[in-house]
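Laboratory data are not the source of any read-out in this text; all were calculated from the coordinates shown. If you're wondering where the values come from, they're calculated on a predicted model, not measured in any experiment. Heads up, the Cβs are rebuilt from the backbone with ideal geometry, glycines too, and the neighbour counts pull from every protein chain shown.
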Amino acid sequence: MEEDIRIIEMSFVNAFLVKTEGGFILIDTGLAMFRDKLENGLLSAGCTPGKLRLVVITHGDFDHTGNCSMLQKKYHCKIAMHKDDSSMAENLVFLKRKTRTLSGKVFTLLRKISRKIKGMKFSFDKFTPDLFLHDGQRLDEFGFKATVIHIPGHTRGSIGLLTDDGALFAGDTFTNRSKPDVATYVENASELENSIRRLKTLPVKTVYPGHGKPFEMKQLFHTV
């Protein structure tokens, strides 16, 4: 499976392109301001319009959904996500969350300062999801041998995709900015705790986080 996964890095956020039977699946889309990096990554892998079978959004934050509208129009693909985060996409709803770590608080502060100094605008177009995914749903019809895992906590509609050979595309439920850890920003701490507890019972081998490098799940047991 690893040889079929391409990481498309867009500054501090990842998108993952997976080669499947008959095409490709894209997991998350990055920020609109890094659209060129996303498209270059797609094209270099041979993922031209018509070959992108599905785009799966792990949660509704704009750094993961920033290019969804463009992909719907240019690549004629379907966008899928959990219904509980759909208002973030359709109505530009931004969530208030608690920051778990000191480094997360520092990062948030530096990002605010950077935006003011450089005039950076993190924006994206509204879009309407084509499909709503639910816990336990299989994606075999798209040529992807994976199961949808609903893992609320970072957001209410956060999901992961667990492949049959143990790769978990985890969105922001896990992060690896400096070391493997659970979500830095939390909407509901008790739900996040339940989600982590559940994931520990599943046959996860490698975690592909929304931020940072992939890591082995066994590394996390020493950090949680």
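Can you give the local net charge around residue 143? Use residues other than it whose beta-carbon is closer than 14 angstrom to its beta-carbon, Lys and Arg +1, Asp and Glu -1. Charge balance near residue 143 sits at +1.
Taking every Cα-Cα distance in the stretch 1-46 and sorting them into 5 Å bins from zero, the calculated P(r) comes out as 5, 24, 35, 22, 10, 3, 0 percent.
Give the range of the longest stretch in the chain that excludes all chymotrypsin sites (Phe, Trp or Tyr not before Pro) found in loop regions by DSSP and having at most 16 other beta-carbon atoms within 10 Å. Please report the intermediate quantities before stating the final value.
Numbers: sites that count: 12, 94, 122, 221.
The segment 123-220 is the longest one with no such site.
Applying a length cut-off of 18 Å (Cα extent along the axis) and a mean Kyte-Doolittle floor of -1.0 to the DSSP H helices of the chain leaves 102-118.
In a fully extended conformation the segment linking residue 51 and residue 76 would gain 8.1 nm over its present Cα-Cα distance, using 0.36 nm per residue. What whole number of Å gives the distance from the Cα centroid of the stretch 37-102 to the Cα centroid of the stretch 135-171? The two parts, judged by their Cα centres, are 15 Å apart. Exceedance of the 20 Å cut-off in Cα-Cα distance is limited, within the set 83/200; 98/213; 179/205, to 83/200; 98/213. The calculated pair-distance distribution of the chain uses every alpha carbon pair, bins of 10 angstrom beginning at 0, and gives 8, 36, 39, 15, 1 percent. Remark: relative contact order (the chain) = 18 percent; criterion is Cα-Cα distance under 8 angstrom and separation of 6 or more residues. Gaussian network model of the chain, Cα springs within a sub-10 Å range: biggest mean-square fluctuation belongs to which of 154, 76, 64? Ranking 154, 76, 64 by mean-square fluctuation puts 76 first.
Report for the chain the percent antiparallel among DSSP-assigned beta bridges with both residues inside it, nearest 5. Before the final figure, lay out each step's value.
Working: 25 of 40 bridges.
Antiparallel bridges: around 60 percent, rounded to the nearest 5.
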